[in-house]
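For reference, the structure discussed in these notes is given below.
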Amino acid sequence: ETLQNPTIKPLDVLPVTPLDGDVLTPDKRDPSHLDAQRQNVTERTAVLAGLLNPLGLRMYQALSRKHNNTLLSPVNTFGPLVTFYLGASKKTARSYQILLGLSSDTDREDCVSLVDGQKVLSTLRGINFLMDNTSQHEIATQIWAFVSKEAQLSGNFIQGTQDFSDKSFVRSMDFSKPQEAETLVNSFVEKTSDGKMKNVIKDLNSTSNLLFISSFSLKGNWVTAFQPDKTTMEEFHVDESTTVMTSTMTRTGLYHHLNDKVNRCVVVKLSLSEHSYMLLVLPHEGVPINEVEFKLLTNLMTRWHQNLQEGLLELSLPKFSMSSVNDLRD
């Protein structure tokens, strides 16, 4: 949906609340605005998925070239970028639209057809609402934005932080003493994330004028759970020459799965609810994982879904914990 307005309006800017490490209350938001987000979500979800999944996969591949193990949420990447788009000038907004896949082929460099970014963010939030309505998942999205104490922020940007997140914390602060500022920010983020986000900001310097942090967490429950008495210590092959002993969950049952001989991998679907699931991809023996990852930018996942067949399968998964912090500047 494209919105064009021939009149030029002054930029709507708002003052920012100073950061107080003892005041941990999230930003206030309009409940009626939240209710409106729940309407007509499913009509836009498929279109938005076609935009954010390719961008997420491109970013995942770029990050995986630098790190052996990579965690990346396409939703939590797309949402903050749309939020920045809302606060950008028209010239910068065009660059964001191109990156996000929201630009029109008819746009010229000197004429930008602005997109309703808040509707995009409400659709992202609506995906979470769909999952909340059908399962017992714990889903949480949070945003922190810290700006220099003399700064004012675009009203659209501030509204965007609320449209996308469950809780948002937009604060102003003094960056002139970077070590003190870094300690204050990290302490505030850890407290307001219930201890889940620790030491996120590193190597802060006095020239900083904006810090933006977002987090997405999902605590899911299997439709069919693994049983504790079927968990044993087994060998796990890290690579061709390295094995470690790890706690391994095993279950034999009916799963939708596929042995993709063309792309040389096995795909298994683990359901969490009617609308959510985990898709496991295991390359055939001797096939590098990046060979399969490279093909994900095509319609490969769609073809997998079309060809999954239910059948009896013994599935073993290692129990592990993994955390990741991704810096979009990289």
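The values are calculated or read from the model by the stated rules, or taken from the named source; none is laboratory data. All figures in this text were calculated on a predicted structure; none of them were measured in a lab. Cβ atoms come from the backbone with ideal geometry, glycine included; neighbour counts cover every protein chain shown.
Look at region 137-148: where a residue is farther than 16 Å from Phe175 by Cα and a partner is buried (at least 23 other Cβ atoms within 10 Å of the Cβ), sitting 6+ places away or on another chain with Cβ atoms under 6 Å, you get Thr141/Ser165; Gln142/Ser165; Ile143/Thr161; Ile143/Ser165; Ile143/Ser168. Here Val267 meets each of (1) among the β-branched types (Val, Ile, Thr); (2) modelled with pLDDT under 90; (3) surrounded by 12 or more Cβ atoms within 10 Å (Cβ to Cβ) with one exception, condition (2).
If a residue must be assigned to a loop (DSSP other than H, G, I, E, B) and of a type in the set (Asp, Glu), how many such residues does region 183-214 contain?
Total meeting the criteria: 2.
Does Thr70 count as in the same structural domain as Leu153 (by TED's automatic domain parsing), outside any helix (DSSP H, G or I) and not hydrophobic (A, V, I, L, M, F, W, C)? Step through it out loud before you land on a result.
Details: in the same structural domain as Leu153 (by TED's automatic domain parsing): yes; outside any helix (DSSP H, G or I): yes; not hydrophobic (A, V, I, L, M, F, W, C): yes.
Considered against the rule, which asks whether it is in the same structural domain as Leu153 (by TED's automatic domain parsing), outside any helix (DSSP H, G or I) and not hydrophobic (A, V, I, L, M, F, W, C), Thr70 comes out as yes.
Answer with yes or no whether Lys9 is part of a helix (DSSP H, G or I), out of contact with any strand residue (DSSP E or B) (no Cβ under 6 Å at 6 or more places or on another chain) and modelled with pLDDT under 85.
Working: part of a helix (DSSP H, G or I): no; out of contact with any strand residue (DSSP E or B) (no Cβ under 6 Å at 6 or more places or on another chain): yes; modelled with pLDDT under 85: yes.
So Lys9 fails the test.
Of all the residues that make up region 232-241, how many are surrounded by 12 or more Cβ atoms within 10 Å (Cβ to Cβ) and modelled with pLDDT of 90 or more? Of the residues in that region, 1 qualify. Could we say that Thr207 is polar (S, T, N, Q), assigned by TED's automatic domain parsing to the domain that holds Thr77 and surrounded by fewer than 18 Cβ atoms within 10 Å (Cβ to Cβ) here? Criteria met by Thr207. Selection of region 283-330 for residues being without any contact (Cβ under 8 Å) to a residue 60 or more places away in the chain, part of a strand (DSSP E or B) and surrounded by 13 or more Cβ atoms within 10 Å (Cβ to Cβ) yields only Pro283.
Are any residues in region 242-251 of a type in the set (Ser, Thr, Tyr) and either under 17 Å from Leu282 (Cβ atoms) or crowded, with 18+ Cβ neighbours inside 10 Å (or both), and if so, which ones? It would help to see each step written out before you state the result.
From region 242-251, those of a type in the set (Ser, Thr, Tyr) are 242-243, 246-248, 250; that's our starting set.
Selection gives Thr243, Thr246, Thr248, Thr250.
Filtered by the rule that a residue be surrounded by 15 or more Cβ atoms within 10 Å (Cβ to Cβ), part of a strand (DSSP E or B) and not hydrophobic (A, V, I, L, M, F, W, C), region 252-264 gives Tyr255, His256, His257, Asp260.
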